[in-house]
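Take a look at the structure set out below.
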Amino acid sequence: MKKFVLHSWLMMGVALTPFAFAEQIYTHDGTQLQYLIDQAKPRDTLVLDNLVYQGNVVINKPLTLIGQTDTVIDAQGIGSAITVASSHVNIKQLSIVNWGADQYELNAGVLLNDGVTQVSILDNNLTGNGFGVRADNSHHIEISQNRIQGNPQMFVLDRGDGIYLKRVDHAVINGNVIKDVRDGVYLESGKHSLVTNNQFSKQQYGIHYMYTEDDEAFNNAATKVDGGYALMNAKRINLHHNQVIGAATFGVLLNMTNDSDVHANQVNNIVNATPKMPTGDEGKSMFIYGARDNRVYDNEFANSEIGIYMAMGGEGNQIYRNQFINNQAQVKYVGDTIVEWSHKEQGNYWSGFIGWDQSGDGISEQAYQPSDHLDRLYWLYPEAHFLLKSPVASLLRWTQQQFQIMPEAGVMDSYPMMSPIANSNIGYAAELADNPPANSNIVSTTQSSEQSLSK
């Protein structure tokens, strides 16, 4: 099997450039880093020694900056540690620490100025208060194999994001470990990003899409976060083979997002330990709010307070072949119509549902309503929530089931599955790193970058 590698196409660009006199320069003293950068020629590779260099430097020419085991760039608590003011820059194997916390001034470990392109940030350790990496109005950048840590002593919303990209197209974000930040990866108003193989923990959201289009994310894992993957006002997002375990508010959020695919994700144990009220603030494996024309299929939603919560115009989506397992409430739907959750006679699996399958095709001949009249009553009057498990409530539910009282509103699965799908490819799927899907943006992003560098 041929191994597919997310190679650094930006580093390849160095070899393709017409600068015949570029050098690899090794430093062996404590000379000011800015002086070393200023003295280097365009396209040089500057290899730093195992020293602590003062930060707040500006890279204003095409350059490769490489560190060694103990190379440290210390911004001394102010500003950005490294500002990239030129295209065709590579930053590798550095420990970048102690940059400023002023988000208004865009303090970051690595700050990319407006308009710079073909930048790679690879295999660095970044520890600081502001943004880990920040870029605006750019395209074709790669941020891979970095370890980014914020300040756990700060309130989560006061921290910078691990990676913040605004109006950045064709970004590749691969293999980073990000924790103790605000959002792990925040993407706004960009297109064609790829976010893959990253690990997120102890932050607000793992990936946060805002007004983006045509993005893809797979093989990411989020644990101990407020929310896993937030898709807000986005279009055509392909979110697949990701994992969320132990979030507080949601695993996946579709908020005013359209024409997107959410599939083969594993969402488990979404529980809000500090809800603001008995109901209404529960942990949701998935929250669909005002989102239409999306496809949600082959996911596992398990062991959460609510499997899927849908409200405010979320009816126009295809939801099928998902597995709802041991959630306290499989569905909470706030609406006034009957919503069908099956597609082409393919429904979902619901733990606790007992139907019959006379044909033997694995599909029950009995439709399933995952939430009933009593559930809607409790949603309207949360103060009656303590009656949920009372004998009277159990009797009323049994009566509804026996007489098959049709709902006036709610979710209906006309083709529920009798057993869960045996699919080991749900959730984090390591084999995708070797064999990415045929429609993966990895290939197109790499190819477009190589073409642009060769011109």
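The values are calculated or read from the model by the stated rules, or taken from the named source; none is laboratory data. Bear in mind that the values here come from a model prediction, so they are computed numbers and not experimental data. Glycine gets a Cβ as well: all are built from the backbone with ideal geometry, and neighbour counts include every protein chain shown. The accessibility values were calculated without ligands, DNA or RNA, using every heavy atom of the protein model including side chains. Shrake-Rupley method; radii C 1.70, N 1.55, O 1.52, S 1.80 Å.
Tabulated data
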read-out	value
Volume of the Cα convex hull of region 77-200, divided per residue and given in Å³	79 Å³
Other-chain or far-sequence residues with amide H under 5 Å of Val168's (modelled H)	Asn137, Ser138, Glu188, Gly190, Lys191
Dimensions (Å) - region 79-129, Cα atoms, principal axes, largest first	27, 24, 9
Accessible area (Å², 1.4 Å probe, nearest 10) - Thr249	50 Å²
In nm, spacing of pseudo-spin labels at Asn326 and Ala311 (7 Å Cα→C-beta vector)	2.8 nm
Kirkwood Rh in Å, taken over region 302-350 so that all alpha-carbon pairs contribute	11.4 Å
Filtered GluC sites (Glu not before Pro), region 272-368: DSSP coil and at most 14 other beta carbons within 10 Å	Glu345, Glu365
Semi-axis lengths (Å, descending) of the ellipsoid that matches the C-alpha gyration tensor of region 223-301	21, 14, 9
Region 219-243 residues near the modelled Asp281 label - backbone nitrogen below 19 Å, point 7 Å along Cα→Cβ	225-228
Hydrodynamic radius by Kirkwood, which averages 1/r over all alpha carbon pairs of region 179-235, in angstrom	11.1 Å
Anisotropy class of region 118-162 from Cα gyration tensor, a/c 1.5 cut	oblate
Tail fraction, Cα-Cα pairs, region 262-323, threshold 13 Å, whole percent	63 percent
Spin-label model distance (nm) - Ile421 vs Thr274, 7 Å beyond Cα toward Cβ	3.8 nm
Relative contact order, percent, region 21-99 [alpha-carbon distance under 8 Å, six or more residues apart]	28 percent
Per-residue HN-Hα couplings for region 61-75 [Karplus 6.51, -1.76, 1.60; θ = phi - 60°; Hz; x = Gly/Pro]	8, x, 7, 10, 10, 10, x, 10, 4, 10, 7, 10, 10, 10, 7
Global size of region 26-87 as Cα Rg and Dmax, reported in angstrom	10.9, 30
Aspartates and glutamates with Cα under 13 Å of Lys166, excluding same-chain neighbours fewer than 8 positions away	Asp114, Asp136, Glu188, Glu213
Phi-based couplings in Hz for region 83-97 (Karplus 6.51, -1.76, 1.60; Gly and Pro marked x)	10, 9, 10, 9, 6, 6, 10, 10, 10, 9, 6, 10, 9, 10, 9
R0 of 25 Å, Cβ-Cβ distance Val334-Gln366: FRET efficiency to nearest 0.05	0.45
Cα pair distances in region 151-292, grouped into 5 Å bins until the bin that holds the longest one, percent each	2, 11, 21, 24, 22, 13, 5, 1, 0
Derived scalar couplings ³J(HN,Hα) [region 205-220; Karplus, 6.51 cos²θ - 1.76 cosθ + 1.60; whole Hz; x for Gly, Pro]	10, x, 10, 10, 8, 9, 6, 9, 9, 6, 10, 9, 9, 8, 6, 9
Inter-probe distance in nm under a simple model that places probes 7 Å from Cα toward Cβ, at Ile78 and Gln358	8.2 nm
